Each structure stands twice: as structure tokens, then as C-alpha cells.
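The next block holds one structure in the form of C-alpha cells; read it before the comments.
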Amino acid sequence: MSTQSILITGCSSGIGLHAALTLAARGYQVFATARSTQDVADLRAKGLTAYQLDLTKPESITQAVVQVLEETGGGLDFLFNNGAYGQPGALEDLPTDALKAQFESNVFGWHELTKQIIPVMRRQGHGRIIQCSSVLGFVSMAYRGAYNASKYAIEGLTDTLRLELKTANIDVVLIEPGPINTQFRANGLVALRENIDIDNSAHKEQYQQQIERLASAKSNAPFSLEPLDVTKALINALESKRPKIRYRVTLPTKLFAFLKRLLPARWLDQLLAKG
């Protein structure tokens, strides 16, 4: 079997970095991408083939795709859409521009990149697109509304794309992690302080709790797992002859998927309000 190629977004840390290093060691031709030039340099120092890709800039996406296709001779076997961040804050406090920024990175950038890769996969007659969603792509939690909305959008786009590509021999797969120990919380803390007027909010007391949670080095959520556990699901999604439509990684994700089918909405709200 010839070496299979994969483009991964959001490789500066966490899930993307672990996936890139693991798949490269496994023999894949990995193209790791990150937004900042320093992160790209760090990835190259780790021995990875890395390019800059800013999901909020279509020209950056196009440039990265061109570079990858030059390396592969015009093909790409897999795309792992992973790069994202979470904008915390109550929806009533959230500036519309901050919500737009959340969607530019977490939704519109993914759509633009995927749209550029699909013709490549159609030409070669095969491909697989894996989307890293979240437990918050199908259940909602307070103070995560922007991120919730972006992941709900990804779930809808992915389900639709799977139907539209059914006859093209291109699989479309969702990975739904729950709490994973990454830099995600630290990035969320920066976004909270940048975009939310905490001192003048009716939610000031709750924000202090959010700040404590986001400042923690590790997730304080029960049953948190590591990026390794997401990579295991990714490898399954890449290497299974018939991959699952959804891979749910953590116990909370599996539990809430079950409870959403089982419980009345108001009962589920009571559980989620405690999170």
C-alpha cells in the first residue's frame, strides 16, 4: 500500500499535535498546519512537514492547499478538520463580532478548506473527511453559546455533506470528544477576557467560576481524557473499511448522547445546568 496523505488543521497543541506526531510515526504523509509562523516553526522542529494555515483567511487556506498538493502530486487521501477555539460568555454579553469571529474560525474556515479539497478527492475517486466536533455539538451548556452554535453548525454541515458525497466514494466522519486535557481552556480564558465586559455583567459571579475553571492546568470535568484518546478514534476513522458516522470519545459524550434520546428536554436541562 502506498503512503497515505493527510492534512490536519490546528496542530499547534493538543489534539492536532498529538494526531500529527502519531500518524507520522505510523507512516502517514502528514501535513500539519497552524495559524502562527512560530507554531509552524515548532512543528517543523519536531520533524513534521508543516505549513501556515489561518482558517479566518481564505487566501491562507488556498496557499496551504496548493503547497500540500505540490508535495503529493495533486492528491490527498484524508482531511482532518480540527482547528478551533471556544469563545466563553453569556449570549447576552457576547458582542456580535465575537460570535462572527467564532464562526469564521470554527465553521466558515472549515467549509472553505473542505470545499477546496472535495474536488481533489472526486478526481482521484476516493477520500475521507474527518470533522472534530464536540459533545457541545449536540447538547448545550450555559456560557458556551458561541462554541455550542459553531459545533451544532458543524454537525449539520457534516451530516449534509455525508449525504451529498454518498456516491462519490468520499466518507465523512464526525469525532465527538468531550472533556480533553489540552490548551483549549487557556485559549478560552483569553477570549473571555478580551470580549466580555465581566465587571458590568449580570453574570459577573458566574464568570469568576468560569475563570477558575479555565485557568486550571487540567480539565476539572469528571472523566476527562487525553489527546491520545481522540487520536485512537481518529485512527479508527482513517483505517476502518467502513468507518462509523460518529465516534464518541469520552464517557460524558456517550452518556449525554444516550440521555438526550431518553430524557425530556427539561430534565436534560437540569442536568446540563449543573455543568
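For the Cα atoms of the chain, what angle does the longest principal axis make with the long axis of helix 145-164, in degrees from 0 to 90, nearest 10?
Long axis of 145-164 versus the principal axis of the chain: about 30 degrees.
What is the angle, in °, between the Cα long axis of helix 58-72 and the longest principal axis of the Cα atoms in the chain? Nearest 10 is fine, range 0 to 90.
So the inclination is approximately 40 degrees.
In a GNM of the chain with a 10 Å cut-off on Cα contacts, which of Pro227, Pro264, Pro179 has the highest mean-square fluctuation?
Pro264
Residue farthest toward the positive end of the dipole of the chain, with Cβ of Lys/Arg at +1 and Asp/Glu at -1: which of Val107, Ser5, Leu48?
The residue sitting farthest along the positive end of the dipole is Ser5.
In debye, nearest 20, what is the charge dipole magnitude of region 5-272 about its Cα centre with +1 on Lys and Arg Cβ and -1 on Asp and Glu Cβ, if you could check?
On the way: 29 positive and 26 negative charges, 221 e Å.
With only Lys, Arg, Asp and Glu charged at Cβ, the dipole is about 1060 debye.
Highest GNM mean-square fluctuation, the chain, Cα pairs closer than 10 Å: which of Ala25, Ala64, Ala98?
Of Ala25, Ala64, Ala98, the most mobile in the Gaussian network model is Ala25.
Taking a quarter of the surface of the convex hull around the Cα atoms of the chain, what do you get in nm²?
14.6
Readers should treat all values here as calculations from the given coordinates under stated rules, not as data from a laboratory. If you're wondering where the values come from, they're calculated on a predicted model, not measured in any experiment. Cβ: placed from backbone, ideal geometry, glycine included. Neighbour counts: every protein chain shown.
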